[in-house]
1. Residues Glu143, Glu147: which one is more than 14 Å from Ile40 (Cβ to Cβ), of a type in the set (D, E, K, R) and either modelled with pLDDT under 95 or surrounded by fewer than 19 Cβ atoms within 10 Å (Cβ to Cβ) (or both)?
2. Only one residue in Thr307, Thr233 is surrounded by fewer than 22 Cβ atoms within 10 Å (Cβ to Cβ), without any contact (Cβ under 8 Å) to a residue 12 or more places away in the chain and β-branched (Val, Ile, Thr). Which one?
3. Condition first: under 18 Å from Gly463 (Cα atoms), touching a residue at least 24 places away in the same chain (Cβ under 8 Å), assigned to a loop (DSSP other than H, G, I, E, B) and hydroxyl-bearing (Ser, Thr, Tyr). Can you find one or more residues in region 64-74 that meet it?
4. Conditions: (1) modelled with pLDDT of 95 or more; (2) under 26 Å from Glu352 (Cα atoms); (3) in contact with an Asp or Glu (Cβ under 8 Å, 6 or more places away or on another chain); (4) part of a loop (DSSP other than H, G, I, E, B). Phe287 meets all but one. Number of the miss?
5. Given Ala266, Ala284, which one is crowded, with 17+ Cβ neighbours inside 10 Å and either out of contact with any Leu (no Cβ under 6 Å at 6 or more places or on another chain) or under 18 Å from Gly55 (Cβ atoms) (or both)?
6. Out of all the residues in region 167-185, is one or more under 30 Å from Lys355 (Cα atoms) and in a loop (DSSP other than H, G, I, E, B)?
7. So which residues in region 183-207 are surrounded by fewer than 23 Cβ atoms within 10 Å (Cβ to Cβ) and closer than 15 Å to Lys8 by Cβ?
8. Could you go through region 195-215 and let me know if any residue there is hydrophobic (A, V, I, L, M, F, W, C) and farther than 22 Å from Arg446 by Cβ.
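The values are calculated or read from the model by the stated rules, or taken from the named source; none is laboratory data. Since the model is a prediction, treat every value here as computed from it, not as a measurement. All Cβ positions, glycine included, derive from the backbone under ideal geometry; neighbour counts span all protein chains shown.
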Amino acid sequence: MCTNLPEKWDIETDVVVVGYGGAGAVAAITASDNGAAVTILEKMPSGGGNTRVCGGGILNPTDMQFAGYMETICAGTTEPVIIRTYVEKAMKNGDWIRSAGGDVQPQMALQVSYPGASPKASFPKLPNSQFMVKYNVKGPADEPNAERLWKLLSGNVARRPINIVTGAPAEELITGQNGEVIGVTARRDGQKLAFKARKGVILTCGGFEYDEATKNDFLPCRPFYAFGNPGNTGDGIRMAQKAGAGVWHMPATSGQLGLKVPDFQAAFIIRFFTERFIFVDRDARRFLNETGLEVHEIAARVSVFDTDRFIYPHIPVYAIFDEPGRRKAPINPGNSGFNRTLYKWSKDNSAEIDKGWIVKGKNIAELAHKISFDEGILEETVLQYNESCRTGKDAEFGRSRETLAPIDTPPYYAVVLWPSLINTQGGPRRDVRARVLDAMGRPIPRLYSAGELGSVWGFMYQGSGNIAECIVFGQIAGQNAAAQKPWG
């Protein structure tokens, strides 16, 4: 028996899509093309979600053997049938982009020392890693990859009879007889609205990057900041759980290191376009190969807890660099992250030094004093690194010869970096048909999901895999929701 049926429906449609990012756009396009009347609910003033501020890479497997690689990095957290379906449909992602009126081009690597997304597999030593390519949507070179992708997706939505309601955060799924999902409530301009979904509801409302309580429950360290859309506060997870959904992949993330300053809710992505830098931990010592990191798993590398000292010794991380390194290029490239439209980084990092975001010292001892380090230890660390540069061999951490450049020209600089989420992967569990499953593994009637909300990536993450998932499961969810018989 329905317990939350509204007195009246404010808007009636066939399919309600909750969340207007990449997955929501593809789901809405697909449902509309399959004959359904579609309404999109978007929490924020405008659409885009994390899709609009990500790197814009689209994974395209080249052979079904890629499923073996994916099974390895998912480590048993995702059923093989789901992985095979993902790979089979993702092999056609380039074709889908072309069918939407766009075109694709191979993704190019950023020429950075620390690190940029590689156009190759994230874990190239694993079997079957070679059976993939990464694409970007083709377009103007001076336009961010993600912006080109979003223009293509949102343009396709605009050309269809799809109703978009922005500034309307969804609050609750409305359930009918036998627990089937028949609608959604949302709030807009202070008014509660009930949206009737005659065929189904598709949740595509992102992860929980800005929900501190859920992060503290499931993620490996704290604080854990975020680069993406601040609208991602786990709303879809809670709504689905209230409707009986089980969850999966909650500890899984894609994360790296970022600069967090009080004036901005999101962190800034940091890149070094120079070899003249090192990372040190709270003890002012190096602890890893700074140039040998997989970009999406860096946060996991620093999230080690010392039970003797009861601290995270590698959080925060301090990047140390010198004057030529500072002048080489901005350490925030400005091509991704939520802040890219809010702030333009200075070309030589001078404005950020003036703001105090980057700490400056006339020598290493003064720099150490300003960041509360033992002066002798930091001087020893830099001296030892510079000796590795002189000999061409990093005996401590194996940094390759071509990435060794000394930090020897004053003044010197430090920037404090924290684990920062590209996105989370956990959420309501879904099956191969994009149906949301209850805690016993049974489909909740008329409820679907796509995108990072309950992503298929359950252990390690493959770069560009989330946008590919938006396309793959957006299509699956849209098609299956549209195929439902109306309940009323």
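1. Glu143
2. Numbers: Thr233 fails: without any contact (Cβ under 8 Å) to a residue 12 or more places away in the chain.
That would be Thr307, the only listed residue that is surrounded by fewer than 22 Cβ atoms within 10 Å (Cβ to Cβ), without any contact (Cβ under 8 Å) to a residue 12 or more places away in the chain and β-branched (Val, Ile, Thr).
3. Within region 64-74, none of the residues are under 18 Å from Gly463 (Cα atoms), touching a residue at least 24 places away in the same chain (Cβ under 8 Å), assigned to a loop (DSSP other than H, G, I, E, B) and hydroxyl-bearing (Ser, Thr, Tyr).
4. Against the list (1) modelled with pLDDT of 95 or more; (2) under 26 Å from Glu352 (Cα atoms); (3) in contact with an Asp or Glu (Cβ under 8 Å, 6 or more places away or on another chain); (4) part of a loop (DSSP other than H, G, I, E, B), Phe287 comes up short only on (2).
5. Details: Ala284 fails: either out of contact with any Leu (no Cβ under 6 Å at 6 or more places or on another chain) or under 18 Å from Gly55 (Cβ atoms) (or both).
Result of the check over Ala266, Ala284: Ala266.
6. No, there is no match, as no residue in region 167-185 is under 30 Å from Lys355 (Cα atoms) and in a loop (DSSP other than H, G, I, E, B).
7. Once the filter is applied, which keeps residues that are surrounded by fewer than 23 Cβ atoms within 10 Å (Cβ to Cβ) and closer than 15 Å to Lys8 by Cβ, region 183-207 yields Thr185, Gln191, Lys192, Leu193, Ala194, Lys196.
8. The initial filter retains those residues of region 195-215 that are hydrophobic (A, V, I, L, M, F, W, C), namely 195, 197, 201-203, 205, 208, 213.
With the extra rule that they be farther than 22 Å from Arg446 by Cβ, the set shrinks to 208, 213.
The answer is yes, given that some residue of region 195-215 is hydrophobic (A, V, I, L, M, F, W, C) and farther than 22 Å from Arg446 by Cβ.
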